[in-house]
Amino acid sequence: MDLDVYIEQLGQRARAASRQLARASTALKNDALAAMADALQRAEPALLAANARDLASGKATGLDAALLDRLMLDRSRIASMADGLRQIAALADPVGAIDDLRARPSGIRVGRMRVPLGVVGIIYESRPNVTADAAGLCLKSGNACILRGGSEALHSNLAIAACITSGLESAGLPATAVQVVEVTDRAAVGLLAGLAAYVDIIVPRGGKGLIEAVIQQARVPVLKHLDGVCHVYIDTGADLDMARRIVLNAKTHRYGVCNALETLLVADSETAVLPAIVAELQAQGVELRGCARTQAVVPGLLSATEADWYAEYLAPILAVRVVDDIDAAIEHITRYGSAHTDAIVTRDLGHADRFLREVDSSSVMVNASTRFADGYEYGLGAEIGISTDKLHARGPVGLEGLTNQKWVVLGNGEVRA
């Protein structure tokens, strides 16, 4: 079939399914989510086998370590996908909730009702867990979705999609509520991003190149972040043992994720902590690139360049800079950051408040690892992605971020004078 026709038919089916989902009860959606989770766990051997095919192909074609890590499924990750769907089922259904209902002098009552967006297109690379997470979040929020995963994860995504379809059908919901693009032709990305007649929003998840390409081709709103240049700032008077633990976790817990630490900032008064942090990071294979002041404290480090302050490494590399104080730290983050996730380690409540107010990122943290910037950790059940935009949704996007509000008016025969 012609690719244009194929993508348009996906859109038509998704639009029809979205109308059925918009009126589906919470109980029906939860039944489908539970059935999806059960199907995933029953299909564990088939999922692992499909994923093994993708991993073998990825290694043969030279996928880097970060992408292979994102691509990999194991028993734990399959269990996490299933658990995420069950958590979504346990969350309150936002659809139909009416907020701020107020009586007006005319006698009418005015409020805002939360409603689905409609059809969500999701374009992503490597991570097959996105197939389950996106399907669950879109279903619970009353949206149909069209999923276009990377060619490197095709077998894994189709195996997961079979479980999703089984769950939908067992609950009596349309199988077309969740559709996976089954072709690997890259032209499908542009066609889906331009399908304004049927798609209401596009969510790209992947590398900067993918996201920039989607932005250029999209004819519908795009919910996205481009970079994850995340910072931890160790403040004057900070608990240095706490700082060491947070830095190690933020950098080494996982390298190839957007909320991993990429630049460490240290107040000049607290540089005594640097040798211990550097030694532990180097013991785990992390390459350190330091400014001149950092190198004076820990000789032998590579020199950081201007480009390092902008870098999202997604690898065992960390840039380190000594700064004068909190003002210099905030100035650095403002200049070089990507508005994703930034953290301060401090005992000073005033400094904590300043950091929270003045650092303009989608997640700002006090005395915690940047790795917590995640829908699962925020209690969203799962996330559709992380947005650094300032309109509609920001940070990890869960159920509410997949809905909007419309004005509703409740009357009893009132007419305007």
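A few notes on this one:
- Inter-residue pairs, beta-carbon under 6 Å, first touching a residue at least 40 places away in the same chain (Cβ under 8 Å) and in the stretch 273-290, second surrounded by fewer than 22 Cβ atoms within 10 Å (Cβ to Cβ) and part of a helix (DSSP H, G or I), 6+ apart: 274/297
- For the stretch 32-79, residues that are within 26 Å of residue 177 (Cβ to Cβ) and either touching a Ser or Thr at 6+ places or on another chain (Cβ under 6 Å) or not in a helix (DSSP H, G or I) (or both) total 9.
Results for (1) open to solvent by less than 20 Å² (accessible area, probe 1.4 Å); (2) in contact (Cβ under 8 Å) with a residue 40 or more places away in the chain; (3) more than 19 Å from residue 93 (Cα to Cα), shown as yes or no for each residue.
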{"position": "339", "(1), (2), (3)": "no, yes, yes"}
{"position": "370", "(1), (2), (3)": "yes, yes, yes"}
{"position": "386", "(1), (2), (3)": "yes, yes, yes"}
{"position": "399", "(1), (2), (3)": "yes, yes, no"}
{"position": "404", "(1), (2), (3)": "no, yes, no"}
{"position": "413", "(1), (2), (3)": "no, no, yes"}
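- Of the candidates 206, 150, the single residue that is in contact (Cβ under 8 Å) with a residue 12 or more places away in the chain, in contact with a Phe, Trp or Tyr (Cβ under 8 Å, 6 or more places away or on another chain), on the phi > 0 side of the Ramachandran plot and open to solvent by less than 50 Å² (accessible area, probe 1.4 Å) is 206.
- Per-region count, the stretch 341-355, residues closer than 20 Å to residue 258 by Cα and either of a type in the set (Asp, Glu) or open to solvent by 20 Å² or more (accessible area, probe 1.4 Å) (or both): 1
- So residue 120, is it in contact with a Cys (Cβ under 6 Å, 6 or more places away or on another chain), closer than 29 Å to residue 198 by Cα, surrounded by 14 or more Cβ atoms within 10 Å (Cβ to Cβ) and in contact (Cβ under 8 Å) with a residue 60 or more places away in the chain: yes
- All helices (runs of 4 or more DSSP H) inside the stretch 207-296 with 3 or more residues being in contact with a Ser or Thr (Cβ under 8 Å, 6 or more places away or on another chain): 240-252
- Residues that are in a helix (DSSP H, G or I) and either surrounded by 16 or more Cβ atoms within 10 Å (Cβ to Cβ) or in contact with a helix residue (DSSP H, G or I) (Cβ under 7 Å, 6 or more places away or on another chain) (or both) within the stretch 303-318 comprise 308, 309, 310, listed in sequence order.
- Residue 33 fulfils the conditions (1) surrounded by 20 or more Cβ atoms within 10 Å (Cβ to Cβ); (2) of a type in the set (A, V, I, L, M); (3) at pLDDT below 95 except for a single criterion, (3).
- Residue count for the stretch 319-335, restricted to those that are outside any helix (DSSP H, G or I), of a type outside the set (Val, Ile, Thr) and under 16 Å from residue 346 (Cβ atoms): 2.
- Cβ-Cβ contacts under 8 Å between residues 6 or more apart (or on different chains), taken from a first residue in the stretch 41-69 that is at pLDDT 95 or above to a second residue that is open to solvent by less than 80 Å² (accessible area, probe 1.4 Å) and outside any helix (DSSP H, G or I), are listed as 47/73; 48/73; 48/74; 51/72; 51/73; 51/128; 54/128; 55/72.
The values are calculated or read from the model by the stated rules, or taken from the named source; none is laboratory data. Everything numeric in this text was worked out from a predicted model, so none of it was measured. Note that we place each Cβ from the backbone using ideal geometry, even for glycine, and neighbour counts take in every protein chain shown. What goes into the accessible areas is simple: the full protein's heavy atoms, side chains included, and nothing from ligands, DNA or RNA. Shrake-Rupley method; radii C 1.70, N 1.55, O 1.52, S 1.80 Å.
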